[in-house]
1. What number of residues within the stretch 21-58 are at positive phi and either in a helix (DSSP H, G or I) or small (Gly, Ala, Ser) (or both)?
2. Given the conditions (1) of a type outside the set (Lys, Arg); (2) without any contact (Cβ under 8 Å) to a residue 60 or more places away in the chain; (3) touching a strand residue (DSSP E or B) at 6+ places or on another chain (Cβ under 9 Å), which single one is not true for GLY53?
3. State all residues of the stretch 22-41 that are open to solvent by less than 60 Å² (accessible area, probe 1.4 Å), closer than 18 Å to LEU84 by Cα and modelled with pLDDT of 95 or more; if no residue qualifies, say none.
4. Go through the stretch 59-84 and report how many residues are more than 16 Å from ASP22 (Cβ to Cβ), open to solvent by less than 80 Å² (accessible area, probe 1.4 Å) and in a loop (DSSP other than H, G, I, E, B).
5. GLU87 versus (1) modelled with pLDDT of 95 or more; (2) part of a helix (DSSP H, G or I): which is the lone unmet condition?
6. Taking ARG44 as the residue in question, decide whether it is surrounded by 13 or more Cβ atoms within 10 Å (Cβ to Cβ), out of contact with any Asp or Glu (no Cβ under 8 Å at 6 or more places or on another chain) and among the basic types (Lys, Arg).
7. May I ask you to verify whether ALA18 is assigned to a helix (DSSP H, G or I) and at pLDDT 95 or above?
8. Restricting attention to the stretch 26-50, which residues are hydrophobic (A, V, I, L, M, F, W, C) and either under 19 Å from ASN6 (Cβ atoms) or touching a residue at least 12 places away in the same chain (Cβ under 8 Å) (or both)?
Amino acid sequence: MQEILNALCDSTRRAALAIVWDGGEHCVCELMERLDASQSRMSRHMKVLREVGLVVDRRDAQWVRYRRSPDIAPEITRMISAVLNAEKTFE
């Protein structure tokens with residue numbers, strides 16, 4: 001749990017997670033554009049989310065596509081949804 005909470009402490013990672021949380025697959029190029037982040041910065045953030053099991057990736061030619069991991073425990077899914085919804089409320 002601590003690793004997941006540490007991953008969520010960064011606002012860029014939360015923003016990226018909010019994008020992929022819709023269940024769709026998103027190219028790192030889309031995340032870069034929407035979050036105004038460089039490719040290396042975005043890749044580092046997504047690596048953190050991948051390592052804690054929140055997203056999975058798929059290589060597509062030169063780009064990597066990310067989506068929400070289907071293996072997240074329901075309790076963790078509810079907690080992350082609550083964090084993302086709370087953040088929307090405070091924006």
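1. So the count comes out to 2.
2. (3)
3. Across the stretch 22-41, the qualifying residues are HIS26, LEU31, LEU35.
4. Residues meeting the conditions: 1.
5. (1)
6. Here the answer is yes, as ARG44 does meet what is asked.
7. yes
8. Answer for the stretch 26-50, where residues must be hydrophobic (A, V, I, L, M, F, W, C) and either under 19 Å from ASN6 (Cβ atoms) or touching a residue at least 12 places away in the same chain (Cβ under 8 Å) (or both): CYS27, VAL28, CYS29, LEU31, LEU35, ALA37, MET42, MET46, VAL48, LEU49.
The values are calculated or read from the model by the stated rules, or taken from the named source; none is laboratory data. Please read these numbers as outputs of a predicted model, since none were measured by experiment. As a convention, Cβ positions derive from the backbone with ideal geometry for all residues, glycine included, and neighbour counts pool all protein chains shown. Remember, those area values only see protein heavy atoms, side chains included, never the ligands or the DNA or RNA. Shrake-Rupley method; radii C 1.70, N 1.55, O 1.52, S 1.80 Å.
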